[in-house]
């Protein structure tokens, strides 16, 4: 699979300094990360993989004390960093090391823009090079040491083909006339701010099904939610591996406060009962006795915005008018995507973007371009068509008067 490609495993500061000096002379490097999200309470980057024109490099961030030279490489805009599906890598590298990737080339985004139907990394490797990839270690605990030879081979495979893929996809983007589209998407992705949310004791209100619970049941759910987080921290496990959300809501709803009642509620989950039974009953009983003041119902329904999310303009259309306009825009988008693999929601407009446009009902391209999330390439490629559709299905003369809510101006005849 890797033929005679050299591999360098870096687990000391001196070795990292040498490889960083090597990377500084390169025009192009492939980059990937592996994390341990399924195995620990707090996720962390547990492996860093690179490929340049000299070979593959694996860096052990759990062994190297000073990783800052790699941050300098990723920040250097003179070096193209090739990643695949990089949104998670971008987030992890900012979260753990405060590193930002400048001059990013994402092969997954490129594959979307050139109309390749299957865009997973293994799919693209097979598409371009005819090499089947076994993904059996996709869920491996990458913080476990020592790494076996098969783990190393799997990890290096994630960057080994990226440089060749970059050459092929760059040529395909140019042929499709979508180089600027791809560049804008990669730039937006690399500049996306990352805000790491810690544990929020009020997030029990956002569990699926919580909105249907009465106040007494919500107090029980709150106690179970707080207990689960404390237990997950103690055991250094993801919270869902203690008790998953659906079962947590079920336990709050049934509120089994005796051993026999818990047996019935857990329906044969003996290991869970043996490990946590007494703690679950204690949390439920505490919730029954709790007089915690819950937020008002309207407050519970408010979704928390990411601190860096932009709010769009006040809606010009709401209710059925906005829904009908969204349907018209979606039908147009779907007709377009049916014509050619070059067109898909990621390379035209997503449903969320079309919903935002329907509510805002921009009057011109300048207003369209100012909507949060709308790209320059979208306005350039589709702006005129979108505005024509808006005028056809929601004429400007029929828009609600400012400050009048959903009431329409009457057309003068």
- Message: Rounded to whole Å, give me the distance from the Cα center of the range 1-77 to that of the range 123-149.
- Response: 17
- FRET efficiency, 1/(1 + (r/R0)^6) with R0 41 Å, evaluated for residue 236 and residue 323 via beta carbons: 0.30
- In terms of the ratio Rg/(2.2 N^0.38 Å) built on C-alpha atoms, what value belongs to the range 51-96? 1.23
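Viscosity 1.306 mPa s, temperature 10 °C: give me the Stokes-Einstein translational D for the range 203-299 in µm²/s, with Rh taken as the Kirkwood radius over C-alpha pairs.
On the way: Rh = 13.5 Å.
It comes out at roughly 118 µm²/s.
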- Task: Taking all pairs of distinct Cα atoms, average 1/r, flip it, and tell me the Kirkwood hydrodynamic radius of the range 25-126 in Å to one decimal place.
- Result: 14.5
- Task: Identify the residues of the range 209-228 with backbone N under 15 Å of a label point that sits 7 angstrom from the Cα of residue 282 along the Cα-to-Cβ direction, or state none.
- Result: 223-228
- Binned at 5 Å starting from 0, the alpha-carbon pair-distance distribution of the range 33-191 in whole percents comes out as 1, 8, 17, 22, 21, 16, 10, 3, 1, 0
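Between residue 37 and residue 401, how high is the FRET efficiency from 1/(1 + (r/R0)^6) when r is the Cβ-Cβ distance and R₀ = 41 Å? Nearest 0.05.
Working: r = 50 Å, r/R0 = 1.23.
After rounding, the FRET efficiency stands at 0.25.
Per residue Cα convex hull volume for the range 101-152, in cubic angstrom?
Details: hull volume 6.7 nm³, N = 52.
Normalising the Cα hull of the range 101-152 by residue number yields 129 Å³.
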- Query: What nm distance separates the two modelled labels at residue 141 and residue 274, each placed 7 Å from Cα along Cα→Cβ?
  - Reply: 1.9
- Note on the structure: So the compactness index of the chain, its C-alpha Rg divided by 2.2 N^0.38 Å, takes the value 1.20
- Task: List the pair-distance distribution P(r) of the range 319-398, using every Cα-Cα distance, as the percent of pairs falling in each 10 Å bin from 0 up to the bin containing the longest distance, rounded to whole percents.
- Result: 18, 58, 22, 1
- Message: Below 8 Å between Cα atoms, with a sequence gap of 6+, how large is the relative contact order for the range 203-299 in percent?
- Response: 38
- Message: Testing the spin-label approximation: label points 7 Å from Cα along Cα→Cβ at residue 392 and residue 334. State their distance in nm.
- Response: 1.6
- Note on the structure: Mean Cβ-within-10 Å packing, highest first, puts peptides 100-113, 50-63 in the order 100-113, 50-63
- From DSSP H assignment alone, runs of 4+ in the chain each adding -39500 (n - 2.57), the sum over residues rounded to the nearest 500 puts [θ] at 222 nm at -15500 deg cm²/dmol
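Here, each number is a calculation from the coordinates, and none is a lab measurement. All of these numbers come straight from a predicted model, not from anything done at the bench. Backbone-built Cβ (ideal geometry, glycine too); neighbour counts: all protein chains shown.
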